[in-house]
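> Can you read through this structure? Questions will come right after.
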Amino acid sequence: MASMPSFSLAFQTDEHRTFTWQGTRDIAALLIHGFPGTPLEMRPVATTLYEHGWTVHAPLLSGFGEEIDSLPTRTHQDWFTGVEQALLNLKKFHQRVIIVGLSMGGALATQLASKHKIEALYLLAPFWKLNHILWHSLPVLQYAIPQFKPFKLFKPDFKDESMRKGMKGFLPQADLDDPETQRAIIEFAVPVKMFSHIRTVGERAYTVAPSVSCPVNILQGLQDELVMPTLTRQFSTRFKQVRYDEIDGTHNLTDATLASWQLVQEHLNIFAQKIG
């Protein structure tokens with residue numbers, strides 16, 4: 001009988017772990033990944049800024065990557081504490097620090113910028129809420145429905161090649177033809193309370209945005225079906241100094257294999273040159 005495959009098996013390589021690239025100038029960027037990502041998704045951004053001579057640091061949020069099996073026990077405070085410590089460490093050695101946040105990482109970045117003096121804030125498809133009726137019910141649902149099973153909801157077709165390829169990315173050692181493995185995946189349960197923590201991160205970002213004193217740049221994909229452009233436009237109005245741009249792209253703005261990455265990179269280069 002097959003045991004439940006561990007999702008942590010997907011994140012054993014160095015590319016998913018915290019990394020720091022020391023630049024040649026006295027400016028650093030803290031790069032905060034989204035949910036449920038790892039520093040891997042920030043590497044294209046890191047490469048672009050590093051080529052400008054910047055030091056780049058991308059921490060792994062608590063409960064992500066190799067720690068994904070422990071994610072249900074983590075809280076929004078764990079995530080914020082981790083990135084705050086990373087920011088303070090950068091500020092010890094660099095006079096100028098900017099923060100780049102992707103999706104949920106953008107919400108955490110906004111909170112940091114409201115609390116600490118930084119050079120600038122750059123947000124990519126910043127999350128602050130989802131446009132779904134159940135989103136507002138999470139505080140109650142976490143007690144009424146403690147867990148939900150995402151793969152029961154999406155009903156994976158284990159014969160579909162695209163699904164198998166995607167699943168192998170998370171569970172490279174799983175035998176997807178084994179009935180017990182299939183059953184274990186379908187029965188995989190996620191605590192609703194975890195999504196309540198994500199909701200709290202977004203709400204706090206929206207609340208504190210007006211207190212961010214540094215310049216803010218926001219880049220949003222027009223085809224983003226997760227973080228809707230209408231919501232990001234609303235979020236952008238909360239900041240005092242903001243430049244808001246939209247491009248043809250999905251939520252995966254940092255995916256260097258997509259055509260939209262060239263546009264993202266152009267915006268980042270302009271931003272880096274402006275910061276100087």
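> Kindly provide the GluC sites (Glu not before Pro) of region 205-276 that DSSP labels as loop, not H, G, I, E or B, and whose Cβ sees at most 12 other Cβ atoms within 10 Å.
Values: sites: Glu225, Glu246, Glu266; in loops: Glu225.
The qualifying sites are Glu225.
> So, one more: Which three numbers, in whole Å and largest first, are the semi-axes of the equivalent ellipsoid of region 211-262 derived from its Cα gyration tensor as √(5λ)? Don't jump to the answer; show the numbers that get you there.
Values: eigenvalues 98, 31, 12 Å².
Square roots of five times the eigenvalues give 22, 12, 8 Å.
> What is the set of long-range amide H partners of Phe19 at a cut-off below 5 Å, with H atoms built 1.01 Å from backbone N?
Ala58
> Also, I was wondering about something else. Just rank Phe35, Phe158, fewest to most, by other beta-carbon atoms within 10 angstrom.
Exposure proxy ranking, most exposed first: Phe158, Phe35.
Every read-out reported here was derived from the displayed coordinates using simple, explicitly stated rules and does not represent laboratory data. A quick note: this is a predicted structure, and the numbers were derived from the prediction, not measured. Cβ: placed from backbone, ideal geometry, glycine included. Neighbour counts: every protein chain shown.
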